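Here's the structure, in structure tokens; my notes come after.
The values are calculated or read from the model by the stated rules, or taken from the named source; none is laboratory data. Being a predicted model, the structure only gives us computed values, none of them experimental. Reconstructed Cβ throughout: ideal geometry from the backbone, glycine too, with neighbour counts over all protein chains shown.
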Amino acid sequence: MAERKTIMIDPVTRIEGHSKITLHLDEQGRVEDARFHVTQFRGFEKFCEGRPFSEMPSLMARICGICPVSHLIASAKACDALLAVKIPPTAEKLRRIFGLAQVVQSHALSLFHLSSPDLLLGMDADPAKSNLFGVLEKDPQLGRDGIALRKFGQQIIERLGGKRIHPAWVVPGGVSDPLSHDDRDAILKGVPEALAIAMRTIGWLKGTMERFRDEIASFGNFPSLFMGTVKQDGGLTFYDGTLRMVDASGEVVASALDPARYFDFLGEKVEPWSYLKSAYYKPKGFPEGIYRVGPLARLNVADRCGTPRADQELAEFHELQRTAVLSSFHYHQARLIEILYCVERLEQLLNDPEILDKHVRALARPNAPEGVGAAEAPRGTLFHHYKIDEQGLIRWCNLIIATGQNNLAMNRSVLQVAQRYVQGERLTHGMLNRVEAVIRAYDPCLSCSTHAVGEMALEIQLVSPDGGVLDAVRR
Amino acid sequence: MNSGDKSGGVLVIAYGNPLRSDDGVAWRAAEEIRTTFASRIEVVCRHQLTPELAENASQADVVIFVDATARGNAGEVVCQSVTAESREARFSHHLTPSQVLALCDRWYGVSPPAFVISISGECFDHGDGLSAAARSGLRQSVRVVSDLISALQPLDSTAIGSVQLKISEGRT
């Protein structure tokens, strides 16, 4: 009988955080199972206990260097709920701009820095060239566009928040400082070029799709649910709204779900082989309640974007498939459409007559023992849920991060790609790179998403000098 | 955004981790440099050098990198001229000054003269304070930057060449 083998891809490259993939082969060398293992652990849910709730936005921003703004916003919204205040309208608009800028810079990082080498140079390209520098060599304009677009988003964050990483400008009750006239004008000055880059890159990406027909067919191309936040009119939104769940046919299976009641319809499961929890839609159970979040899901659930250029692109995107757009390869195109929307939308907000208003913070003491804040982060819906005591100290915290909500789908996608491309007897770089590339399509942020303590799988092995396992303890 | 119009002037790029004690000395130096020179120079603080900085550098007449180092005697300040490095970078998370300049040359077609000011530290543990040696180095580094900027005026090739020569001969 032939030996059953395991192929390990460790680490997975060009993603945010640390992980590995194992491909389990049967006796004939065919891929039988595949797993995406997240190997890092953060633990924010536990070590924020005992801290004053007012510190939470700043603490939570430390979760991630790529999307600190998303954590700031979700955390501040949870704190708003603890204060039981309605924040000033201008503060809400400024938070929206902040969040949109975050999406632009994060999506630009994902597409240009991490995935464009695969899209421009091909899945089989020399790994030494499959990076941003290889892209700049082959297509300098594309590379420069990526840098300029990311910088556009980062500079907005820096102007509003004072710094581009871990800004502390979003606070419970609003924001700490109003927008200045000069900063508003400086941001607006960059809008035309950002729009031009977004449009140019969408055109380029659509032009490359034909080359990736095979990948589109096998990169996470399966039925699942999709979840995202929509406005009352069904429009795309990143800041607030209600949750909508659609199925693979594109039919709405649940609408007007209150994000503050996420625990009624979302569950989380811990697997022994990963520090990343898997979220699922409770009414369908585990694992049948598999759902996807992020750009692909948001565009599948949204009826419209609400800005002219993005709406044109969304209409075309919805034409890709009569049902929901199922292939995770299309996360890339969805990401670019969202960049376009964000630039258009932040321009609208910056031109709002109220945007320079000085009243940007509501002050209050805690008025509720529990608060939930939800927002759409670049990678999908983000929930922060806090409980405090009479002194306003955090007693319990739960974070549901987008990447965890995509965990089931990422694992299934890895298996699908591996079964399509990997032949156990003859490995090539291109085969294994495709397995990594499907993970990149989701743009997982692992630093953001591994927080539960006391639940994570733990295995300690006692290994002898010759490598033999003498004893093992599992939890 | 790169508008294609070169704004010119001196760009100071201070980098390091301000939450790792002496590793943040460049940020503190940058604050003083910014105060001293106000609007005459552009100062940016970063945790590490990334490809985006090539675009900033492409807009400058002169680039001054300021960094902490674990090498040398604590408190020592060394100023060196630096040029674009031909060795290709493979990772975009962390670059050297030479690699930033190389990217600037390749992507934007310009190669501004540049200097690296290294401040030797002795404590790189968690914390936002500086050791006595790093504080001394900080003061000295601000003087070095100040002298350098003065020597570079007017910002033309003659002044820059003269400063580069002095540095290479150890006369600064």
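Restricting attention to segment A:110-134, the residues being within 10 Å of chain B (Cβ to nearest Cβ), in contact (Cβ under 8 Å) with a residue 12 or more places away in the chain and more than 25 Å from residue A:344 (Cα to Cα) number 6.
Residues that are out of contact with any Pro (no Cβ under 9 Å at 6 or more places or on another chain), closer than 27 Å to residue A:101 by Cα and either in a helix (DSSP H, G or I) or at pLDDT below 95 (or both) do not occur anywhere in segment A:418-435. Go through segment A:174-194 and count every residue that is buried (at least 19 other Cβ atoms within 10 Å of the Cβ) and either within 12 Å of chain B (Cβ to nearest Cβ) or modelled with pLDDT under 95 (or both). Final tally of qualifying residues: 3. Within this structure, residue B:125 fails the test of being in a helix (DSSP H, G or I) and not polar (S, T, N, Q). Within segment A:195-214, the set of residues being within 14 Å of chain B (Cβ to nearest Cβ), surrounded by fewer than 19 Cβ atoms within 10 Å (Cβ to Cβ) and among the small types (Gly, Ala, Ser) comprises just one member, A:196. In segment B:109-128, the residues that are surrounded by fewer than 20 Cβ atoms within 10 Å (Cβ to Cβ) reach residues that are in a loop (DSSP other than H, G, I, E, B) with C-beta atoms within less than 7 angstrom, at least six apart or across chains, in these pairs: B:111/B:84; B:122/B:74; B:122/B:131; B:123/B:131; B:124/B:70; B:126/B:19; B:128/B:18; B:128/B:19. On the basis of being hydrophobic (A, V, I, L, M, F, W, C), over 13 Å from the mean Cα position of the chain (by Cα) and in a loop (DSSP other than H, G, I, E, B), does residue B:103 make the cut? In short, no. Among the residues of segment A:67-83, is any over 19 Å from residue A:177 (Cβ atoms) and in contact with a Ser or Thr (Cβ under 6 Å, 6 or more places away or on another chain)? Yes, the conditions are met somewhere in segment A:67-83.
For (1) surrounded by 18 or more Cβ atoms within 10 Å (Cβ to Cβ); (2) among the hydroxyl-bearing types (Ser, Thr, Tyr); (3) touching a strand residue (DSSP E or B) at 6+ places or on another chain (Cβ under 9 Å); (4) in a helix (DSSP H, G or I), each residue gets a yes or a no:
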| residue | (1), (2), (3), (4) |
| --- | --- |
| A:309 | no, no, no, yes |
| A:314 | yes, no, yes, yes |
| A:321 | no, no, no, no |
| A:357 | no, no, no, no |
| A:374 | yes, no, yes, no |
| A:383 | yes, no, yes, no |
| A:386 | yes, yes, yes, no |
| A:391 | no, no, yes, no |
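Looking across A:107, A:18, one residue alone is over 26 Å from residue A:259 (Cβ atoms), within 16 Å of the chain's Cα centre (by Cα) and in contact (Cβ under 8 Å) with a residue 12 or more places away in the chain. It is A:18. If you check B:81, B:58 for being at pLDDT 90 or above, in contact with a Cys (Cβ under 6 Å, 6 or more places away or on another chain) and of a type in the set (Gly, Ala, Ser), only one passes: B:58.
If you filter segment B:16-58 down to residues that are buried (at least 21 other Cβ atoms within 10 Å of the Cβ) and away from chain A (no Cβ under 14 Å), you find that the one that is farthest from the chain's Cα centre (by Cα) is B:21. For beta carbons closer than 9 Å, sequence separation of 6+ or different chains, a first residue in segment A:350-375 that is in contact (Cβ under 8 Å) with a residue 60 or more places away in the chain and closer than 17 Å to residue A:74 by Cβ and a second that is among the hydroxyl-bearing types (Ser, Thr, Tyr) and part of a loop (DSSP other than H, G, I, E, B), the qualifying pairs are A:375/A:239. Residues of segment A:135-169 that are away from every other protein chain (no Cβ under 12 Å) and under 17 Å from residue A:201 (Cα atoms): A:138 alone. With respect to the conditions (1) modelled with pLDDT of 90 or more; (2) assigned to a helix (DSSP H, G or I); (3) among the small types (Gly, Ala, Ser), residue B:39 lacks only one, and its number is (1).
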